[in-house]
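Contents: one structure, followed by commentary.
The values are calculated or read from the model by the stated rules, or taken from the named source; none is laboratory data. All figures in this text were calculated on a predicted structure; none of them were measured in a lab. So basically every Cβ, Gly included, is an ideal-geometry build from the backbone, and we count neighbours across all protein chains shown. The accessibility values were calculated without ligands, DNA or RNA, using every heavy atom of the protein model including side chains. Shrake-Rupley method; radii C 1.70, N 1.55, O 1.52, S 1.80 Å.
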Amino acid sequence: MTRLIVAAALCLCALLFATSSAQAQGDAPRLIVVGDSHVERLGPMLARRAEAAGLQSAGWLARRGWSTSRYVREGDLAAQLEARGRPEVVVVSLGGNDRPRNRARYQRQLAWIVRQAREAGAERVLWLGPASSDASRGPRAEMTRRWHENNADLQSEMMGELGVEWIDSRPVTHEGHGVDGIHFTGRGYVHWADHAAGFFRDDAPVGEALAAHRPEALPRS
């Protein structure tokens, strides 16, 4: 009889713990990753790291070859985020395919992405800046390297004004490239994902980003 009582008590405790854990998980902010082809590999990795950090994953949206301006032209980012449950944390990985030739226009394009995320319920927007490229792999990789450096510099200057937490990807992406010198091996993406996931907590340092700055108005496109 005593054994039955103990067993029943253990089962009840396990049930209560499971229910409590499920409720805690249900209350946790949801995180989604959106961007270009890098998100095909980064998305699943960041989703697992988000869950390990106590967040819920809302998945990822990877659009191969897309630039920031391509997202603007499509015009459906807010709808995509709403269809995925209006996640509170949006991680953006865009800039690798950007070819900005007008600073003001580029800032308006970046601002449009941020506005769309916030209109769809985002409370935090984290932006992964363009990665480094291995110029030794050929002319295309060299040209991409120059654009990535240019775009990262522009983003680092603009994101604070947009109230976005900008993460410089370059220091952790000097190695681990694939054959094209632009994308990465699995190990290279793991290293990049580990770096990015360190910023998921609210109290994480954000370098140049002004995490507490939340302007009421953003530049209009």
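Tabulated data for the structure shown
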{"item": "Highest average packing first - 92-105, 110-123, Cβ atoms within 10 Å", "result": "110-123, 92-105"}
{"item": "For the stretch 102-163, radius of gyration divided by Kirkwood radius, i.e. Rg to Rh on alpha-carbons", "result": "1.08"}
{"item": "Equivalent-ellipsoid semi-axes of the stretch 128-179, from the Cα gyration tensor, Å, largest first", "result": "23, 12, 6"}
{"item": "Carbon plus sulfur fraction of accessible area for the stretch 59-155, probe 1.4 Å, in percent", "result": "43"}
{"item": "Sorted largest first, extent of the stretch 62-118 alpha carbons per principal axis (Å)", "result": "35, 22, 18"}
{"item": "In order through the stretch 178-195: 3J(HN,Hα) via Karplus (6.51 cos²θ - 1.76 cosθ + 1.60), integer Hz, x for Gly, Pro", "result": "x, 5, 7, x, 10, 8, 10, 6, x, 5, x, 5, 4, 4, 5, 5, 4, 5"}
